[in-house]
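Q: Structure incoming, see below.
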Number of protein chains: 2
Amino acid sequence: MALETKSEAKSHGGIQGVYTHQSEACHCPMTFAVFVPPHKDGQKLPVLWYLSGLTCTHANVMEKGEYRRAAVDHGVIIVCPDTSPRGEGVADEPGNWKLGCGAGFYVDATEAPWAPHYSMYSYVTEELPALIAANFPADMARQSVFGHSMGGHGALICALKNPGRYKSCSAFAPIASPMTADWSKPALAAYLGSDEKSWRGHDAVALIKDGARLPELLVDQGTADSFLNDGLRPWLLEDACKAAGIPLTLRMQEGYDHSYYFISSFMADHIGWHAERLMR
Amino acid sequence: MALETKSEAKSHGGIQGVYTHQSEACHCPMTFAVFVPPHKDGQKLPVLWYLSGLTCTHANVMEKGEYRRAAVDHGVIIVCPDTSPRGEGVADEPGNWKLGCGAGFYVDATEAPWAPHYSMYSYVTEELPALIAANFPADMARQSVFGHSMGGHGALICALKNPGRYKSCSAFAPIASPMTADWSKPALAAYLGSDEKSWRGHDAVALIKDGARLPELLVDQGTADSFLNDGLRPWLLEDACKAAGIPLTLRMQEGYDHSYYFISSFMADHIGWHAERLMR
């Protein structure tokens with residue numbers, strides 16, 4: 001599991017790095033960002049996974065997410081994967097920002113032409129964690145996950161499908177139910193085939209209805225988010241959590257949109273919330 | 001002085017806006033960013049000017065500077081101008097990042113082909129302040145200025161040339177003496193002509209030697225900054241301040257480079273430092 005360092009810069013007392021490796025899950029080189037706060041020699045820090053939204057790479061949240069101050073305050077490593085495989089030979093639909101590169105949806109594709117490379121679920125839950133464990137001062141017994149939009153969906157399904165793996169899960173403006181949103185349905189159909197039954201295993205609302213559980217959940221959603229009513233629909237998550245008895249804190253944030261100006265506003269809040277649960 | 005709103009987004013409780021206007025100083029449309037923290041109706045807030053470095057627009061620090069949290073904490077408006085005129089008919093040397101677009105050096109050019117548009121000194125000290133005063137809840141009696149690299153130089157000369165205008169001045173990795181750095185000398189020659197005497201009015205070290213004074217000065221400089229020895233040379237500023245009796249706090253920040261990872265690490269520090277002086 002060789003790792004190539006693309007860049008490392010000191011920031012807020014820690015190291016913001018960008019790394020690439022040849023992914024076995026995605027069969028292509030993959031790039032990701034890791035921020036390691038200052039720590040004692042030999043000390044291992046908890047790991048907070050941040051999954052990004054449509055069109056993003058690892059770089060967007062690294063540059064605009066404003067997570068480093070809070071990560072240092074709480075002593076938490078932040079890992080930011082890419083949102084899809086990329087590069088030569090990787091299937092794509094240029095011009096369609098909801099499918100292909102930048103739109104992996106954190107599923108393992110089963111259908112042509114996507115299946116050979118689009119295994120983002122395995123990548124973020126299996127391959128990359130092993131790489132992080134081997135190469136960074138990470139205490140893998142203490143992991144949490146959060147994300148934005150498509151990455152909020154990713155965080156939810158990663159946590160719902162792996163009970164006990166993550167100490168906590170939160171999301172900024174997540175796609176609550178990608179299998180029922182016009183916005184994301186075509187991607188699930190492309191990656192997973194036309195049988196909607198196979199989609200249920202990658203849809204937070206369906207997973208909860210089918211019995212998956214989380215100890216609790218924190219979601220921030222801007223009221224001025226232009227994707228609120230079509231793509232995101234947090235009320236579906238609210239209904240499902242209520243029916244399942246999952247304590248959901250859904251904060252409708254007045255006047256906020258879908259951008260990093262929204263994410264960064266509540267980033268420190270979320271990191272602090274996760275840190276509490278990671279340190280228990 | 002008509003202002004066009006390009007975008008406004010709520011962030012950290014305030015409004016991050018981007019605006020354009022037809023500049024009289026630069027004879028072209030100019031774009032700038034303003035962050036206004038939450039405030040009471042009718043309340044006027046102090047204004048902190050952030051001048052950016054080579055190759056930047058208003059957008060770089062707006063996206064990567066991490067200034068909004070601290071601006072809200074201290075109730076300070078942050079204004080981020082562009083670094084040069086741009087667009088059709090504006091002279092440029094594409095491929096040369098140290099001259100022309102993105103490299104206005106905060107001077108009023110006197111030479112062809114630059115003179116018609118490159119009046120960034122007048123723009124940031126006269127035209128834009130008037131526009132800010134007319135369009136934002138700004139208390140123009142309380143202004144401070146800071147900046148990075150070329151914008152650190154800009155902040156220094158704006159403060160040195162306008163005693164009493166700014167309550168305080170600080171810089172991240174400023175170009176201490178552009179007229180003696182190989183890095184920036186060609187730009188001053190292009191904008192101001194070959195007579196080095198005319199350069200002295202736009203060089204912090206020369207201005208101090210020639211009698212300009214500041215009440216005090218805060219400078220952060222990364223020790224791993226690849227431009228430290230050629231372009232920046234803070235020791236020249238240190239010597240000049242010492243000789244002139246200007247209290248300079250020069251903090252050599254171990255391991256930091258020239259990037260926004262460095263700037264953002266000390267952004268809250270600088271804003272807090274300015275806020276103290278703006279509130280006196």
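Q: Kindly indicate which of B:Ser144, B:Ser119 is of a type in the set (S, T, N, Q), within 17 Å of B:Ile78 (Cβ to Cβ) and touching a residue at least 12 places away in the same chain (Cβ under 8 Å).
A: One residue alone meets the criteria, B:Ser144.
Q: Considering only residues of the range A:26-68 that are basic (Lys, Arg) and under 21 Å from A:Gly151 (Cβ atoms), which is surrounded by the fewest Cβ atoms within 10 Å (Cβ to Cβ)?
A: A:Lys64
Q: Taking the range A:54-75 only, how many residues are β-branched (Val, Ile, Thr) and more than 12 Å from every other protein chain (Cβ to nearest Cβ)?
A: Of the residues in that region, 2 qualify.
Q: Take residues that are within 14 Å of chain A (Cβ to nearest Cβ) and more than 17 Å from the chain's Cα centre (by Cα) and tell me which of the helices (runs of 4 or more DSSP H) falling wholly in the range B:192-280 contain 2 or more.
A: The qualifying helices (runs of 4 or more DSSP H) are B:260-278.
Q: Quick one: is B:Gly231 in contact with a helix residue (DSSP H, G or I) (Cβ under 6 Å, 6 or more places away or on another chain), crowded, with 20+ Cβ neighbours inside 10 Å and touching a residue at least 40 places away in the same chain (Cβ under 8 Å)?
A: It is false that B:Gly231 is in contact with a helix residue (DSSP H, G or I) (Cβ under 6 Å, 6 or more places away or on another chain), crowded, with 20+ Cβ neighbours inside 10 Å and touching a residue at least 40 places away in the same chain (Cβ under 8 Å).
To keep it simple, each residue is scored yes or no on (1) surrounded by 14 or more Cβ atoms within 10 Å (Cβ to Cβ); (2) more than 13 Å from the chain's Cα centre (by Cα).
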| position | (1), (2) |
| --- | --- |
| A:Ile78 | yes, no |
| A:Pro81 | yes, no |
| A:Leu99 | yes, yes |
| A:Gly104 | yes, no |
| A:Ala109 | yes, yes |
| A:Ala112 | no, yes |
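Q: Across the range A:192-225, what is the total count of residues that are touching a residue at least 60 places away in the same chain (Cβ under 8 Å) and in contact with an Asp or Glu (Cβ under 6 Å, 6 or more places away or on another chain)?
A: Within the range A:192-225, residues that are touching a residue at least 60 places away in the same chain (Cβ under 8 Å) and in contact with an Asp or Glu (Cβ under 6 Å, 6 or more places away or on another chain) number 1.
Q: On the given criteria, is B:Gly42 at pLDDT 95 or above and outside any strand (DSSP E or B)?
A: When the stated conditions are applied, B:Gly42 passes them.
Q: While we're on this one: Consider A:Glu4 against the criteria (1) free of Cβ contacts under 8 Å to residues at least 40 places away in the same chain; (2) within 14 Å of chain B (Cβ to nearest Cβ): it satisfies all of them except one. Which criterion is unmet?
A: Only one criterion in (1) free of Cβ contacts under 8 Å to residues at least 40 places away in the same chain; (2) within 14 Å of chain B (Cβ to nearest Cβ) is unmet by A:Glu4, namely (2).
Q: Considering only the range B:20-51, state which residues are in contact with a strand residue (DSSP E or B) (Cβ under 7 Å, 6 or more places away or on another chain) and without any contact (Cβ under 8 Å) to a residue 24 or more places away in the chain.
A: B:Thr20, B:Gln22
Q: Moving on to the next point. Looking at A:Gly201, A:Gly211, A:Gly222, can you tell me which residue is modelled with pLDDT of 95 or more and closer than 17 Å to A:Gly151 by Cβ?
A: A:Gly222
Q: If you check B:His39, B:His27, B:His12, which single one turns out to be more than 14 Å from chain A (Cβ to nearest Cβ), more than 18 Å from the chain's Cα centre (by Cα) and over 17 Å from B:Ala130 (Cα atoms)?
A: When all the criteria are applied, what remains is B:His39.
Q: Of all residues being among the basic types (Lys, Arg) and surrounded by fewer than 18 Cβ atoms within 10 Å (Cβ to Cβ) in the range A:153-199, which is nearest to A:Ala240 (Cα to Cα)? Just the residue, please.
A: So the residue we want is A:Lys161.
The values are calculated or read from the model by the stated rules, or taken from the named source; none is laboratory data. As the structure is a computational prediction, the values presented were derived from the model and not from experiment. As a convention, Cβ positions derive from the backbone with ideal geometry for all residues, glycine included, and neighbour counts pool all protein chains shown.
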